[in-house]
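Readers should treat all values here as calculations from the given coordinates under stated rules, not as data from a laboratory. Since we're looking at a predicted model, the values are computed, not measured. Cβ placement follows ideal geometry from the backbone for every residue including glycine, while neighbour counts extend to all protein chains displayed.
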Amino acid sequence: MRPTSTSNRVIAIAGASVAGVRCATALRDQGFQGELVLLDSEEGSPYDKPQLSKRIHTGDELNLIVEKSVLVERGITFRPGVTATGLDVDARVLETSQGSVTFDELIIATGCRPKPLPHPLPARAGYVRTRQDWKRLKDAVQRGGHLLVVGGGFLGLEAAAAATCLGMKVTVVDMAPRILTRGIPEAAAAVIASRHAAEGVDFRLSEQNPMLDGDDHQVWIDGTQGHYALASIGAVPNVEWLAGSRLTIDDGVVCGDGLAVAPGVWAVGDCARWVNPRYDRLERHEHWTTAVRHAQHVAKSIVTGTSSPMVEVPYVWSDQFDLKIQSVGRVGTEELHFVSESGGHVVISATDDRVSGVTTINAQALCLKSRQLLKTDDPAVHRVIETLGLADFTHVS
């Protein structure tokens, strides 16, 4: 690999969520002087996806990742409404819905889309992944009434909290026996569920094969009626367009530890499944922070002409009611739950006396310390308790 900071080479970026946009701006920041082409399947300026499930008041607007004028000033050619449809790695050609783009380097940042329910959505239901999805959800909240949320993950719970605060009755339905089964320890999930319940959110858990149905006026699921339903049961990487490219596709674009997919081809963000040296295994993180770090890493690799491993400890956050939820690392087989006098929560996840993850609720400073502790290995439980000062907390379980 050779440095490209002074060349007239062309870098194409497929996808303009946070990973794609940050790649483009980081390349300029680090001295790349060639042509940058940023494509996105959605119309309009790039915006931050995490807002879609939170900013649903009538007057809310989406914060942009970057203004179009800034992209122009930085010499980045932005082409909204252009979808990647195919790739010829050998010919260095990206096929799109509006013709082909010849490149020297390609960054794949096409993200994810909602995992669909096994049956079509009724008229008064939707997912939330695009600006149009968000507008439909906002319109439903403005009409008021009863919101049904199918899926007890972060996105569904954020929408449930926001809708409740805006006066809607909310019911959350999930097949799992508890909320937040992916990546959040049970003790922390129980605290979050209790806060929702205190605000009037109704949970229908352990529902077996719930069927969402409806007509032009209402929706219903297992006897519960509502005025709109939000389906949020997971995400699927947008990688089908790479079929026939000879890239390895398996729950995302499979990369090496430096996020390279093939010579001059990279993947970043939600669609990238890379060998994470921190855990020595293939991983795919649907986390905003990981997407930003991927972008910075790949931009540096391209500009310097060097490659290094992309080491990452999972980190995710969520705001629900007055709860600031943060989680770093992985869920273990054992849990230690501590509560401060001010009501902050810390849940340590451990296996065989080694801490694999820490989840905090309204204890941001302790999450920051936990990220440092977990950066290179799984520390001993006593070290984490001592470093976080948890001896002064109440040990709940």
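Structure notes:
- Radius of gyration over Kirkwood radius for the stretch 1-118, both on Cα atoms: the Rg/Rh ratio is 1.01.
- Alpha carbon centroid spacing (whole Å) that separates the stretch 8-71 from the stretch 318-397: 33 Å
- Kirkwood hydrodynamic radius (C-alpha pairs) into Stokes-Einstein, the stretch 116-231, 20 °C and 1.002 mPa s, D in µm²/s: 152 µm²/s
- Near residue 112, the amide H atoms lying under 5 Å from its own belong to 238; only residues 5 or more places off or on other chains count, and H is placed 1.01 Å from N.
- Along the stretch 117-126 the Karplus relation, 6.51 cos²θ - 1.76 cosθ + 1.60 evaluated at θ = phi - 60°, assigns HN-Hα couplings of 5, x, 9, x, 6, x, 4, 9, 8, x Hz to successive residues, with x for each Gly and Pro.
- Over the chain, Cα pairs under 8 Å with separation of 6+ residues give a relative contact order of 16 percent.
- Subset of 68/369; 169/369; 49/115; 54/115; 68/138 violating a 27 Å alpha-carbon distance limit: 68/369; 169/369
- Percent of Cα pairs exceeding the 33 Å cut-off, where the set is the chain: 38 percent
- Proxy reagent accessibility, fewest Cβ within 10 Å first, across 328, 128: 128, 328
- Karplus 3J(HN,Hα) series, Hz, for the stretch 319-326 with 6.51 cos²θ - 1.76 cosθ + 1.60 (x for Gly, Pro): 10, 9, 6, 9, 9, 9, 9, 9
- Note on residue 169 and residue 51: with the Förster distance fixed at 22 Å, the Cβ-Cβ geometry gives a FRET efficiency of about 0.40.
- Residues in the stretch 351-371 reached by a label modelled at residue 281 [backbone nitrogen below 15 Å; 7 Å Cα→Cβ]: 351-352, 356-357
- GNM on the chain, alpha-carbon springs under 10 angstrom: the most fluctuating residue among 244, 156, 269 is 244.
- Sorted fewest first by neighbouring Cβ atoms within 10 angstrom, 294, 395 come out as 395, 294.
- The stretch 80-131 versus the stretch 197-254: alpha-carbon centroid distance in Å: 19 Å
- Measuring nothing but how far apart in sequence close Cα pairs (under 8 Å, 6+ apart) lie, relative to its length, the stretch 248-339 scores a relative contact order of 22 percent.
- Among 298, 89, 18, residue whose mean-square fluctuation peaks in a GNM of the chain (springs only between Cα atoms under 10 Å): 89
- Only helices enter the 222 nm calculation for the chain: every DSSP H run of n ≥ 4 contributes -39,500 (n - 2.57), and dividing by all residues gives -7000 deg cm²/dmol, rounded to 500.
- Positive-end residue of 142, 266, 8, charge dipole of the chain with Cβ unit charges: 8
- Measuring nothing but how far apart in sequence close Cα pairs (under 8 Å, 6+ apart) lie, relative to its length, the stretch 116-231 scores a relative contact order of 37 percent.
- Taking θ as phi - 60° and the Karplus parameters 6.51, -1.76 and 1.60, the scalar couplings of the stretch 70-82 work out to 5, 4, 4, 4, 8, x, 9, 7, 9, 10, x, x, 10 Hz in sequence order, x denoting glycine and proline.
- Shown for 211, 310, 168: other C-beta atoms within 10 Å of each C-beta, ranked fewest to most, produce the order 211, 168, 310.
- Pairwise label distance in nanometres, residue 64 with residue 217, each label 7 Å out on the Cα-Cβ vector: 4.2 nm
- Under a 5 Å amide H cut-off, with hydrogens placed 1.01 Å from N, residue 214 pairs with 220 among residues at least 5 apart or on other chains.
- Among 91, 190, 231: highest mean-square fluctuation, GNM of the chain, C-alpha pairs under 10 Å: 91
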